[in-house]
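Beneath this line is the structure, given in C-alpha cells, with notes to follow.
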Amino acid sequence: MKRLIVVLIGILFLIPTYTAEAKDSQLEKARKKELSQKLKEYKKGKWEIMGSHTLDFALAKHYDRLNTLGDDAHEIEGISTRTKSKNTGKQAAINNAVITYAQEAGSTLRGRVVSDLNVNGVNTDGEFDNFYAAYERLVEKEIRNEMEHSYTIIRPNGDGTYEIRSYFIICESAASKARMRALEEAMKNSEAAQKYGDQISNFVKDGFQE
C-alpha cells in the first residue's frame, strides 16, 4: 500500500512537467506552421529579402526572437509603397514604422483617457488634443532607439519602382520607459494632462494591454 502511495505521489509530481512539455510542443508546432505559411505568402507575392541572409533564415530568426521575448515582444511593420531607390525606400519604411508605433501608442492612450475619465464624469473633449499630438510626436523621437530591426523585404512594382517592407521587434519593457519619457515631456505644456497625471501615467505604463 505504501509503495502504491509513493508511486501515485511520483505521478502527481510528473503531471505538471508533462503538461508544460506538451504545451511547449504545441507552441513549437504552431510557430513552425506560422513560419511556413509566411514563407509561402512571401514567395507567392514575389518578395525577396534585402541583405545577405536568405528569407528562410531571416524569418526563422525573427520568430525565434519573438518567442524569446514572449509577451514582452511588440512587432511593427514599416511600409514604403513606391520608391525608385532601394536605400531611400528602406529608410522611408523605417520612418513609417516609427510613425505607426507612435500613432498606435497615441490612439491607445486617447482611448483609455476618453473611456476611463469620461466614465468618472470628466469631459476631455478638445482640451487634450494638443497633448495627444505632442505625445505622439515625442514617442516617435523616443521609440526609434528601442526598435530592433529584424528583416526587410522588397519587390518590384513593374514600373521601375519598388515596394519595401521592414519589420521590427520592440521590447515592451524598454518601450514603456520610452513612452514615459515622452509623457513627461508632453505633460509640461498641458494643464489638463497634469491634472490627471497619475491616471494617465498608468495608462502609458500599461501600453497596449486591454
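The values are calculated or read from the model by the stated rules, or taken from the named source; none is laboratory data. Since the structure is predicted, the reported quantities are computational estimates derived from the model, not experimental observations. Here Cβ is always computed from backbone atoms with ideal geometry, including for glycine, and neighbour counts include all displayed protein chains. When the accessible area is computed, the model is the full protein with side chains, heavy atoms only, and any ligands, DNA or RNA have been set aside. Shrake-Rupley method; radii C 1.70, N 1.55, O 1.52, S 1.80 Å.
See the values below:
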{"read-out": "Selection within segment 185-196 - within 25 Å of the chain's Cα centre (by Cα) and open to solvent by less than 20 Å² (accessible area, probe 1.4 Å)", "value": "ALA186"}
{"read-out": "Which listed residue, of GLU172, GLU148, is charged (D, E, K, R), open to solvent by 60 Å² or more (accessible area, probe 1.4 Å), touching a residue at least 24 places away in the same chain (Cβ under 8 Å) and within 17 Å of LEU69 (Cα to Cα)", "value": "GLU148"}
{"read-out": "Qualifying residue in segment 116-130 (condition: closer than 30 Å to LYS43 by Cβ, surrounded by fewer than 20 Cβ atoms within 10 Å (Cβ to Cβ) and touching a helix residue (DSSP H, G or I) at 6+ places or on another chain (Cβ under 6 Å))", "value": "no"}
{"read-out": "Qualifying residue in segment 14-22 (condition: open to solvent by 50 Å² or more (accessible area, probe 1.4 Å), modelled with pLDDT under 95 and under 27 Å from GLU148 (Cα atoms))", "value": "no"}
{"read-out": "Tally of residues being open to solvent by 60 Å² or more (accessible area, probe 1.4 Å), within 26 Å of ALA175 (Cβ to Cβ) and not in a strand (DSSP E or B) across segment 58-85", "value": "6"}
{"read-out": "Residue check, TYR162 within 29 Å of LEU39 (Cβ to Cβ), modelled with pLDDT of 90 or more, of a type in the set (Ser, Thr, Tyr) and open to solvent by 30 Å² or more (accessible area, probe 1.4 Å)", "value": "yes"}
{"read-out": "Pair list, Cβ under 9 Å, 6 or more apart: segment 31-52 residue closer than 16 Å to THR152 by Cβ and assigned to a strand (DSSP E or B), other residue β-branched (Val, Ile, Thr) and at pLDDT 90 or above", "value": "GLU48/ILE153; GLU48/ILE154; ILE49/THR152; ILE49/ILE153; ILE49/ILE154"}
{"read-out": "Flag for VAL98 being open to solvent by less than 40 Å² (accessible area, probe 1.4 Å) and at pLDDT 95 or above", "value": "yes"}
{"read-out": "One residue from ALA186, ALA192, ALA175 being under 30 Å from GLU48 (Cα atoms) and part of a helix (DSSP H, G or I)", "value": "ALA175"}
{"read-out": "Only listed residue being aromatic (Phe, Trp, Tyr) and over 21 Å from LYS205 (Cα atoms), chosen from TYR162, TYR135", "value": "TYR162"}
